[in-house]
Amino acid sequence: MTADMKASVLLTLEDRLSAGLEKLLGVLDRFAETVDGIGKKLKSLDFERPFDKGARSMDRASHSAMRMERSLGLVGRALRGTHVHMTSLARASERLGMFGAAAGGFAAIQSTRAYADYENVLRHIAISEGKSGAAVGPEIGRLQKLFNSDALGAGQSSMSVATAYSDLVQTGIPASVIDRVIGQHTRAATAYNIAPDALGHAVGALLMNMHIPEGDIGAALASMAVAAKHGRFKVEDFSSQLPGISGMMSALGMTGRGNADMVFAGLETVMKNSSEPQQGAAGFYDMLNYLTGSMARRMFAKQGIDLPGLMHGAEKAGGNPLDAVLDMLAKRTKGMSPVQSGEFLHSVLHNQQAEQAVLALLQHHREFMELRGMLHGVDAGTLATDFATASDAPLVQLRIFDELLAQMERRLGQGMVPALRGANGLLALFAHWMGELDQRLPGVGDWLVSGVGGFILLGTAFGAIGFVLPLVLDGLSAVGALVSLLASPFVLLGAVAVAAVVDIWEHWDRFHQNLSAMWGGFKSVLHGIVDFIQGAFYLNMTQAEHGVEEIWLGLKSFFIGLWGTLKQLALDFSNWFIGWVEGPMAAPLAKLSGWMGHGGDMTQSGLGSTGGFGWMSPAAPVHGEIVVRATPGTSVEAVHTHTGGSFLRISPIGAPNTGRMLGAH
């Protein structure tokens, strides 16, 4: 390259650099003047005052949030302690405030209701006994003492004892008689595993129809139970079927303990040919009923048998009329084939169910008589032994435990009764006031109730999520601290918020999914709170657990959506910044990088140096011939430095001198 050419290139480069530098310095001067003017204007307007006020407002909000967090923590701890303090109504009301008082009120109402139900049974027993007016109260007290004592002694429920006593009174048995047999009654119920009220029908039938003496009721019940152990007719079957059958026995004049044993053994024997207890009992009843009717006399007379004379003769001889009839039929059918025996029985009985009962007694006559002999040996000692054996069972001891709790509960309820009238008056006054309020100010009452109910629901909800809230608040505090470090100026925070809103508004498709997740999570938290409150109120632990699960999943969905939104905002900002740098700011940054490449030396472009901002990589020196292959639309320019070095620059045609350096020598 000639010396003239070198000089020309250097002059051209110096002119360009000088002109560009002067232009940039002018722009910077004007920019500095503008910024200085804006600063003075803002200072004259006292523009910092609103932000100082905003900062102070943020401080107050922060302190309020801290106080709210402490309050919510207290509510959560109080609610978590309910199960500990419910052991005492007074302590619960004292420590748990409104919630404890509500629980105590429900407990008081339940105790009062238990006593009211029990007292109602005793009151109607007294009325059935013919008591009225002032005599009812003392009788209720006597019955209560009797039933409570007997239930504990027998291992039964006092309510069941009272129900059995009521049934016996309504059958017409005097209360004095029932008082003397009720102890045997309840002990037999325990010994033979049947409720006292279920056994009451059998006791009434034995007393009223079979004329069993009061002192022998226990032995008769034991005999019935022994019969039940040797067949398919159970104690509860006897109790339900005995009233009708014992009535027919009484009509035939067949009463007393021996005839009662015959009924027990007879029913068990008939059951051998029956499929159901009701079928066997119906057959035995029809047999007795048929023998007392006129048709039986005519049918037996056709066979030459004087049925009334046979039965009366057995009774006069101290025998059993039914035994006399069965012995006669056994003798008449002896030696007959089964077909002949069946035809004969049909001719005299003329009743299918009665025939089935008589046939069963004749077929199993030996077992029938053996069972009657066994029952004859049953006495009060049998009942005592069976009761002692049954009393050792854990189930009986558990019933005694339950009965003690029930008596204590009723005692508490009894103490609440005097306050009922006053409470009813207050409730009536409140109901009247609410009615007047609805009439004069429609909707205000509902608003008040909704407000109180909302307060209760919020308190319960805060207790439900009390274990999550501190973690969330701690996390938000950490995020807030990080944000304050990254963007401490209040103006920057407001600008970021505005930019985020604008970005979401203009690019809704990018944020729709995350914002929907946040909204869905928020709704799930609300639903979970409602489910937890309903489950806790109605003691539905499944629903309460589902509510907690909904709260947790809702919080998870909310924060996942929040994180996705923040990431999208950060990505949009990054893309915008890159576009701003590579777009409008590309040329100024490139020029600034070139000018500052050698610490401000205006005779060098800075390209290929390691100084300045370092936008360009240093060139490696080369020696010898350089071959350049440039793509269309680019220019190649040889640049010589004042130190004697030179290099080639390749750049797009018409673009600033920001091309890359190929080499130097």
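The values are calculated or read from the model by the stated rules, or taken from the named source; none is laboratory data. The structure displayed is predicted, hence computed values, not measured ones. All Cβ positions, glycine included, derive from the backbone under ideal geometry; neighbour counts span all protein chains shown. What goes into the accessible areas is simple: the full protein's heavy atoms, side chains included, and nothing from ligands, DNA or RNA. Shrake-Rupley method; radii C 1.70, N 1.55, O 1.52, S 1.80 Å.
General observations
- Taking only alpha carbon atoms, segment 119-253 gives an Rg to Rh ratio of 0.98, where Rh is the Kirkwood radius.
- One chain, two ends: His124 and His346. Fully extended at 0.36 nm per residue, the span grows by 74.9 nm beyond their Cα-Cα distance.
- The distance separating the Cα centre of segment 341-380 from that of segment 248-283 comes to 9 Å.
- The share of accessible area on segment 168-310 that comes from carbon and sulfur is 50 percent, using a 1.4 angstrom probe.
- Å² of accessible area per residue within segment 365-405, as computed with a 1.4 Å probe and no ligands counted: 62 Å²
- Its residue count N fixes a reference of 2.2 N^0.38 Å for segment 309-440, and the Cα radius of gyration divided by that reference is 2.33.
- The residues of segment 238-282 expose, per residue, 29 Å² of accessible area to a 1.4 Å probe.
- Net charge, Met336 excluded, C-beta distance under 15 Å - Lys, Arg +1, Asp, Glu -1: +1
- Calculated log₁₀ intensity ratio I(q)/I(0) where the Debye formula runs over C-alpha points of segment 332-390, q = 0.13, 0.15, 0.23, 0.24 Å⁻¹: -0.53, -0.60, -0.92, -0.97
- The heavy atoms of His432 offer some 110 square angstrom of accessible surface to a 1.4 angstrom probe.
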